[in-house]
1. Restricting segment 1-58 to residues that are of a type in the set (K, R) and more than 20 Å from S117 (Cα to Cα), which is modelled with the highest pLDDT?
2. Inside segment 169-287, counting only strands (runs of 3 or more DSSP E) that do not spill past its ends, which hold 2 or more residues that are touching a His at 6+ places or on another chain (Cβ under 6 Å) and farther than 30 Å from A27 by Cα?
3. Taking the criterion of being crowded, with 24+ Cβ neighbours inside 10 Å and outside any helix (DSSP H, G or I), would at least one residue in segment 92-110 satisfy it?
4. Quick one: N130 ticks every box in (1) touching an Asp or Glu at 6+ places or on another chain (Cβ under 7 Å); (2) not assigned by TED's automatic domain parsing to the domain that holds G36 except a single one, so which number is it?
5. So which of A154, A131, A142, A150 ends up being in a strand (DSSP E or B) and either over 17 Å from the mean Cα position of the chain (by Cα) or farther than 27 Å from G247 by Cα (or both)?
6. I'm trying to understand the selection: among the residues of segment 288-319, which are part of a loop (DSSP other than H, G, I, E, B) and charged (D, E, K, R)?
7. Consider segment 186-244. How many of its residues are of a type in the set (D, E) and either free of Cβ contacts under 8 Å to residues at least 24 places away in the same chain or outside the structural domain of L156 (by TED's automatic domain parsing) (or both)?
8. Taking R245 as meeting all but one of (1) buried (at least 16 other Cβ atoms within 10 Å of the Cβ); (2) more than 22 Å from I300 (Cα to Cα); (3) modelled with pLDDT under 95, write down the number of the exception.
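The values are calculated or read from the model by the stated rules, or taken from the named source; none is laboratory data. Computed from a prediction, not measured in an experiment: that's the story for all the values here. Cβ placement follows ideal geometry from the backbone for every residue including glycine, while neighbour counts extend to all protein chains displayed.
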Amino acid sequence: MRIDRTALLFAFGLALVATAADAQTYAQRPVRLIVGFGAGGPTDIPARFIADKLGTILKQRVVVENKPGAAGMLATRDAIAQPADGHTLLLCTHFESINTAAYRNPQFRLGDLAPISLIAKYYYGIAMSNAVPVNDIDGFIAHAKANPGAISYATLGAASAQEIFVRQLERLAGISLNRVPFRTGPQVMPDLIAGRVHIYVSPTLAVLPLHDTKELKVIGITSTQRLPTAKDIPTLAEKKIPFVRFGWLGICAREGTPQPIVAELNRHIASIVAMPDYRQMIEKGGSIPEASTPAELGKIIIQTREEVASTIQEFGLQQD
């Protein structure tokens, strides 16, 4: 069969024009960045920095919209319901991966997301109220064993990372704690500081500042070694508790978003993550500023689901 070279060249030229048009016409109106958790929390703070700088680069408003509820799933469902044109972005986290394992019908698949870039990795701190009359992880475990059922922990949902991690910690330490549900992380803090709830497993960004001001005590961190910004706080691993966990934050769009737009956003976000002000803010909270390629973030998303799926099954945490 004879191939018409002129027709092929014409088709190729049209494809190049379409690709260029995707990039050139992007961000002609405000961009939404949806955050599935409350304002002022460890996901909201980096999101607002990214949105502010990205808006400056794009010469267009990037508006952070907090949409808490259903363990972040309301935000995810909203993001994937919008046109795949890059004007709706999601502050994606390891919760997307957890939710697809934890819920029988989360109403989305991980394949519905178009990964753009990682923006941070972070560890968890075991935050304890000053009302508990001990000051370290060993004292806490001994106190919990001596007072079974008297210590309560804050959770953000039956299949949240906080819930999963506390269940694992209970098993490793041989203790039993009382569960107190909250809707968002910021809602936990007043009750934790006041002693109405005793323990909260939280991203370090949210609790290290309160540890520094002595409003609460962070008695252990889930990193492999002590964090440079929290050298006084031991890791759980060094206390002979084999518990190393990390979370991550990224920027995603809806699957089907044109590749030129994904590539453009990836470049811009990587440049923001490299900014000294951003790095200082993230590192101050004990987290690690880190960008990635879309493919690298996609791999992390899948790996995270694989890592939590067995734990969710083991503890019977899967929800309808």
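1. Filtering segment 1-58 for residues that are of a type in the set (K, R) and more than 20 Å from S117 (Cα to Cα), the one modelled with the highest pLDDT comes out as R29.
2. Where strands (runs of 3 or more DSSP E) fall fully within segment 169-287, none carries at least 2 residues being touching a His at 6+ places or on another chain (Cβ under 6 Å) and farther than 30 Å from A27 by Cα.
3. Yes, some residue in segment 92-110 is crowded, with 24+ Cβ neighbours inside 10 Å and outside any helix (DSSP H, G or I).
4. Only one criterion in (1) touching an Asp or Glu at 6+ places or on another chain (Cβ under 7 Å); (2) not assigned by TED's automatic domain parsing to the domain that holds G36 is unmet by N130, namely (1).
5. After ruling out the rest, the residue left standing is A154.
6. Of everything in segment 288-319, just one residue is part of a loop (DSSP other than H, G, I, E, B) and charged (D, E, K, R), namely E290.
7. Final tally of qualifying residues: 3.
8. (2)
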